[in-house]
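The values are calculated or read from the model by the stated rules, or taken from the named source; none is laboratory data. Remember, predicted model here, so these are calculated numbers, not experimental data. Quick reminder, even Gly has a Cβ in these numbers, built from the backbone with ideal geometry, and neighbours come from all protein chains shown.
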């Protein structure tokens, strides 16, 4: 993700809540008057009264607290930008123009997982609901099938099979309801724990809503790992940037209000 650039933006936003003021401080008769500003060049430095100091704007203390709260929330979101802490594989289903994209990334720990079978032939696509729910990605190829120990359902309502207009690339990967039996995850034949998985499928001419997929986060469990399915959910880093945008609008409104008061 882009956590480092997002944090830089947080600090830049916080700097805007303070202004540089040269010359003597109004309380210059005191030996030392500390001024602290998050994101200042000295990073939390203390400035004596007879030096150039970072002085908060009028009413800036309350606003800075509000902005700092927004920044903390943004950084918290960025902390989870890579997905749930225990999730090693993430399946993202997103809308891309007039197509639905399925992207699988990460790696799995198969320790303790039960190998059911292997397969070489299957159909690519999505079944959103019912007891035979199904999501694939990647080029069709040989797979080892392992038992899932749990699944968060449903992630869709229709039992229709969406399997036309496909573009498939990357590693063969599936999660499958197995007709109401033990749910299954399929990985490339001979897959070893910790190896990278990267898969993609595009379904042309479809929409998330039209396929009856339900936006949200869903988990599928292995004995020592978790697969997370994200449907139409913005990445946490995106939420963080949206929160910073709201904070920026608040700062702009504060400055306009202050300018109006000064003019009168």
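Every residue, every condition in (1) in contact (Cβ under 8 Å) with a residue 24 or more places away in the chain; (2) under 22 Å from the mean Cα position of the chain (by Cα); (3) surrounded by 17 or more Cβ atoms within 10 Å (Cβ to Cβ), yes or no:
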residue: 88; (1), (2), (3): yes, yes, yes
residue: 91; (1), (2), (3): yes, yes, yes
residue: 106; (1), (2), (3): yes, yes, yes
residue: 117; (1), (2), (3): yes, no, no
residue: 126; (1), (2), (3): yes, no, yes
residue: 129; (1), (2), (3): yes, no, yes
residue: 132; (1), (2), (3): yes, no, no
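Residue 210 meets the conditions (1) out of contact with any helix residue (DSSP H, G or I) (no Cβ under 7 Å at 6 or more places or on another chain); (2) surrounded by fewer than 16 Cβ atoms within 10 Å (Cβ to Cβ); (3) in contact (Cβ under 8 Å) with a residue 24 or more places away in the chain in every case but one. The failed one is (3). Scanning region 171-185 for residues that are within 15 Å of residue 125 (Cα to Cα) and surrounded by 18 or more Cβ atoms within 10 Å (Cβ to Cβ) yields 171, 172, 173, 174, 175, 176, 177, 185. Scanning region 144-181 for residues that are assigned to a strand (DSSP E or B) and farther than 24 Å from residue 210 by Cα returns 144, 145, 146, 147, 150, 170.
Residues of region 181-205 that are in contact (Cβ under 8 Å) with a residue 24 or more places away in the chain and closer than 15 Å to residue 134 by Cβ: 182, 183, 184, 185, 186, 199, 201, 203.
Residue by residue, here is whether (1) modelled with pLDDT under 95; (2) touching a helix residue (DSSP H, G or I) at 6+ places or on another chain (Cβ under 9 Å); (3) closer than 22 Å to residue 216 by Cα holds:
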| residue | (1), (2), (3) |
| --- | --- |
| 96 | no, no, yes |
| 102 | no, no, yes |
| 112 | no, no, no |
| 121 | yes, no, no |
| 159 | no, no, yes |
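Within region 150-171, residues that are free of Cβ contacts under 8 Å to residues at least 40 places away in the same chain sit with their Cβ atoms under 6 Å from residues that are in a strand (DSSP E or B), at 6+ positions apart or across chains, in these pairs: 161/127; 167/202; 169/200.
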